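The values are calculated or read from the model by the stated rules, or taken from the named source; none is laboratory data. Just so it is clear, the structure is predicted and the values come from calculations on it, not from any experiment. Reconstructed Cβ throughout: ideal geometry from the backbone, glycine too, with neighbour counts over all protein chains shown. Areas reflect the complete protein model, heavy atoms only, side chains present, ligands, DNA and RNA absent. Shrake-Rupley method; radii C 1.70, N 1.55, O 1.52, S 1.80 Å.
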Amino acid sequence: LLDKATRYSLYLGLVDIMFAFAYDYRTTEGEPNVESAWTICKISSTLSWLEVFRGSVHEVVYGNLRRSLCYPLYRHWRLSLAVLQDVRDIFHLGRRKLLQCLLSVRRTLNQTEPFYVMNDLYITDYCVWIQKASTKQIQKVASELHEVVVDISSLGWDLAELETAAQLVVEEERPCTSEERQNTSVNPLRAGDNHTPPTGDTTPFSGSISHDSEEGLDEDLARRMTLKSPQEACCLIEEISSSQTEGSSEDSSESEDFKSETSSESEEESLESEDPSEENSFDSSNQSPPLQPTAATNQECVESGKGIIQTVPHPSVLPSEQYSITN
């Protein structure tokens with residue numbers, strides 16, 4: 001009843017349906033869910049819009065790959081290649097395995113109301129026909145599937161360029177890990193650059209800049225110019241911040257030591273300049289003696305104009321007294 005061309009078209013439609021079944025089986029791990037019927041009918045061109053293939057296995061495979069990369073939830077090139085390998089294994093196992101897969105598809109579609117019509121149009125007839133299909137023809141289709149060489153650039157989409165751009169974005173947004181920080185600290189330059197690492201004192205800067213330190217700063221600047229990747233720049237920023245914190249802590253400790261030394265020296269000088277009689281009038285505590293009025297602090301009258309300005313001692317000596325102006 002079927003001529004040779006129609007029979008070969010049936011095998012191509014069977015490849016199309018098996019690819020959709022293998023995709024759903026792999027993504028659901030053999031446990032169909034409420035979306036399995038939609039996934040099978042969407043990936044299969046035969047069940048989606050009643051496609052009849054007249055070409056070759058190569059055409060069917062590339063059609064399934066494109067549909068698996070745009071319609072279902074999980075879209076990945078390696079996943080599609082794994083599904084294609086599953087289809088090759090199914091055809092290699094023969095009629096019994098094909099019938100088992102068709103019955104599973106029929107059971108899945110029969111449980112979903114909009115898609116059970118596909119069982120009456122295709123799946124039930126395929127289950128009856130595959131039991132009498134030629135084993136040689138099935139093995140021929142299996143060998144043709146193994147001969148198909150797929151390439152991501154042959155799909156007609158710019159997937160290779162898009163994947164490269166996505167990887168660059170991920171690398172730029174990915175934070176620097178501890179291993180990369182350690183590797184960068186050991187070898188801060190890129191592996192392909194022919195530069196020598198800076199040789200000089202790596203201690204934090206404190207004090208005046210000398211000729212050697214200027215050379216070290218120039219080498220550090222040259223090192224920064226060679227950094228091109230975000231990871232190396234991140235690690236360099238952390239090293240600079242840590243060195244700055246260490247330098248500030250050392251500078252603060254040195255200033256504190258200098259202040260303590262100067263304060264001790266001033267105390268010793270004040271103690272030496274004091275009168276022995278005054279030392280006996282105070283106890284052993286380190287309190288400073290109160291200021292006493294001297295002869296120089298007596299009031300002196302100076303004539304100035306019509307009035308006389310009466311000068312008084314400094315407020316720190318006699319805080320209770322105030323300036324008074326008499327006419």
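Key figures for this structure:
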read-out: Å² per residue, accessible surface of segment 77-184 at 1.4 Å; value: 65
read-out: Sequence-separation-based contact order of segment 82-156, relative, with Cα cut under 8 Å and 6+ spacing, percent; value: 39
read-out: Loop-located GluC sites (Glu not before Pro) in segment 1-64 whose Cβ has at most 10 other Cβ within 10 Å (DSSP); value: E29
read-out: Accessible area of Y62 in the full protein assembly, 1.4 Å probe (Å², nearest 10); value: 10
read-out: Cβ-based net charge around S56, under 15 Å, with every Lys or Arg adding one and every Asp or Glu removing one; value: -1
read-out: Gain on full stretching of the segment that runs from R54 to A166 - 0.36 nm per residue minus C-alpha separation; value: 36.6 nm
read-out: Tensor-based shape of segment 56-184 (alpha-carbon gyration tensor, a/c under 1.5 rounded, otherwise prolate or oblate); value: prolate
read-out: Solvent accessible area, Å² - D120, 1.4 Å probe, full protein context; value: 110
